[in-house]
Amino acid sequence: MRSREIPFRGGGFAPERIPRVGALAFLLLLAAWEGVCRAGLVSLFTLPAPSRVLLTLLEMATSGELFFHLRASLGRLVLGWSLGALSGVAAGLAIGVSSLARSIGLPLVSALFPVPKIALLPLLILWLGIGEASKVATIALGTFFPIAIATASGVDQIPKSLVRMAQSFDLAPRAILAKVILPGALPGVLAGCRISSSIALVLLTAAEMIGAEHGIGALVLQAGHLMRSDRLLAGVVLLSVLGLAIGATIGALERRLLAWR
Amino acid sequence: MRLRIEALAHAYDGLAALGPLDLVVEPGERLAVIGPSGCGKSTLLGLVGGLLRPSRGRVLLEGEPPPGSLVPVAYVFQDFALLPWRTVEANVALPLEDRLGAAERRERVRAALARTRLSDFARAHPRQLSGGMRQRVGIARALVVEPGVLLLDEPLSALDAQTRELLLDEVLTLTRGATLVWVTHHLEEAVRVADRVVLLSARPGRIRTILPVPIPEAERGRPAALAELARLRLELWELLREDAQRAETALVVSGDALA
């Protein structure tokens, strides 16, 4: 019988992160953009060079305008997100542990979750006025549903044997909630935080574009009206940095709180 | 403590899973429960441990718990049921929280970890431990409450054969004096650990026979006893074989009795 070496058939389909390649690609993209602008291939009026956007950002930072808008946006974001997150975690836990809450809450949350919350802003303005309350409520609503669903799903994923174990030692229901359910659902809660923070950022921008004088959304819209694409892109950069900062904060929280995984 | 099981029966959604059965487990006795897959072994343990509500009958606990006992009936789970976010010592301390002061709690945990040879791993998390060590944590957690009755639901089934062999003698030594109900599907394990082996029939599980193991525990590892243990194992297998064959080709009704 003829002998031959068995060829290697494994490998692949296991992507790994190559160090520095991502940053390099980003820098190349910026360099290409800068090059295209400097070569006069596009109108600087429609697409300002990255260096121009950076200068505009620095000017806005020096004048204090940047922090003024940032403070207004962060205030709405933190308040709206916190309200939505706290009530979402409470609702998710209730759906996760109580038959009555599950029977009432799950169909309700599932039906309302897909509704784009920005569509409710006009109604919220009617109810709460054009001021801060309607914007905060829009963000809170947008945050509530994904966190409620993720928390309930986090509770569902806790192995039942852990609850039965706690019951076998006669732990009180409140202790089981605090020592088994809540920490067990934490991966779900944090996943909900990650999803809802992106949704909150979108809703913040949209709400500020519809009815605000200050904030990053208002800055972007006003820049568009004045055809100041450098200011418009500065606002977009600010939103991107804000999104990255929120993502990094949640990532750090996950590493700290879920180190046991 | 004595366990008295009276006309105990359980059904899942109207489908009879267990019983009715009557049984008395004497104080300090070690009772192994075996039977074909799906016969209700884990259901029986869930009912005895108060984790399932019986459809009929009752389970009585008679006698005084040992001095210092915090929970009269403790449970050892097949999948260990350790909280993955807690360290070994925090897992063992769980049943003591809200019951004992910090100093007494620390002392009990220290003693339980020493008994189960886990002292060097007190700060480790379950994911860092081997299967055998995880089950030792589960056993330490059950022993720390000084139970009068210990219920073990296939405690060695999730372990490889060598670890099972190593842990079996250790568990017997650790649980000496406690009333034990040990559910298993390993016939060798049943005759090694038990004073009596209860054989359940196919679903709904009823007592088919109760087989005494008339060999003192200290002699069971010796060559002289091996032939007698093998004979008992064979006797059980002859009784079990038909039911086991039927169960192997039947549809599963309830995957996890405690789910």
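A few points about this structure:
- Rg/Rg_ref, the range B:143-257, where Rg_ref = 2.2 N^0.38 Å and atoms are Cα: 1.13
- Each of the peptides A:34-45, A:6-17, B:110-121 was scored by the mean count of other Cβ atoms within 10 Å over its residues; in descending order, highest first, they stand as B:110-121, A:34-45, A:6-17.
- Diffusion coefficient of the range B:68-174 by Stokes-Einstein, Kirkwood radius over Cα pairs, 4 °C, 1.567 mPa s: 95 µm²/s.
- DSSP beta bridge pairing in the protein assembly as shown, given as percent antiparallel to the nearest 5: 50
- Carbon/sulfur fraction of accessible area - the protein assembly as shown, other protein chains in place, 1.4 Å, %: 62
- The equivalent ellipsoid that matches the C-alpha gyration tensor of the range A:1-69 spans semi-axes of 50, 18, 8 angstrom, in descending order.
- Full extension of the chain between B:THR173 and B:GLU104 gives 22.4 nm of extra length, using 0.36 nm per residue less the Cα-Cα distance.
- Pairwise FRET efficiency - B:GLU165 versus A:MET1, Cβ, R0 = 41 Å, nearest 0.05: 0.45
- Near-label residues of the range B:1-37 by backbone N, under 11 Å of a point 7 Å along Cα→Cβ of B:ARG58: B:6
- If you take the Cα centroid of the range A:102-171 and the Cα centroid of the range A:198-243, the two points sit 27 Å apart.
- Applying 1/(1 + (r/R0)^6) with R0 = 25 Å to the Cβ-Cβ distance of B:ALA227 and B:GLU26 gives a FRET efficiency near 0.35.
- Student exercise, the range A:50-257 dipole from Lys, Arg, Asp, Glu Cβ charges, in Debye to nearest 20: 480
- Mean residue ellipticity (222 nm) of the protein assembly as shown, computed from DSSP H runs ≥ 4 via -39,500 (n - 2.57), nearest 500: -18000 deg cm²/dmol
- Rounded Å value of the spacing that divides the Cα centres of the range B:177-253 and the range A:9-42: 66
- Euclidean distance of C-alpha centroids, the range B:105-149 and the range B:16-34, integer Å: 27
- For a modelled paramagnetic label at A:PHE45, 7 Å from Cα along Cα-to-Cβ, the residues of the range A:217-261 in reach, with backbone nitrogen under 18 Å, are A:223-233.
- At least 18 Å along the helix axis (C-alpha) and Kyte average at least -0.5, DSSP helices within chain A: A:21-38, A:50-63, A:65-97, A:99-112, A:132-156, A:182-211, A:229-257
- Kyte-Doolittle mean at least -1.0 and Cα axial length at least 27 Å: DSSP H helices in chain B: B:223-248
- Accessible surface, 1.4 Å probe, highest first, among residues A:GLU254, B:GLU219: B:GLU219, A:GLU254
- Label sites at A:PHE13 and A:ALA31, each approximated as a point 7 angstrom past Cα along Cα to Cβ, lie 3.7 nm apart.
- Both chains summed, the buried accessible area for A and B stands near 1900 Å², from protein heavy atoms and a 1.4 Å probe.
- Relative contact order for chain B: 29 percent, from Cα pairs under 8 Å spaced at least 6 residues apart, divided by residue count.
- Length-normalised contact order of the range B:1-149 in % [C-alpha pairs under 8 Å, at least 6 apart]: 27
- Remark on the range A:169-188: accessible area falls by at least 30 square angstrom from chain-alone to full-complex state for A:PHE169, A:ASP170, A:LEU171, A:LYS179, probe 1.4 angstrom.
- Relative contact order computed over the range B:84-146 (Cα-Cα under 8 Å; 6+ residues apart), in percent: 51
- Label-to-label distance, nm, for residues given as A:SER87 and A:SER240 (7 Å Cα→Cβ offset): 3.4
- Per residue, the accessible area of the protein assembly as shown comes to 52 Å², computed with a 1.4 Å probe over protein heavy atoms only.
- Here A:SER99 and B:GLU97 are evaluated by their C-beta separation; at R0 = 35 Å the FRET efficiency comes out at 0.80.
The values are calculated or read from the model by the stated rules, or taken from the named source; none is laboratory data. Keep in mind that what you see is a predicted model, and the values were worked out from it rather than measured. Please note: Cβ atoms are built from the backbone with ideal geometry, for glycine as well, and neighbour counts cover all protein chains shown. Keep in mind that these areas ignore ligands, DNA and RNA; they rest on the heavy atoms of the full protein, side chains included. Shrake-Rupley method; radii C 1.70, N 1.55, O 1.52, S 1.80 Å.
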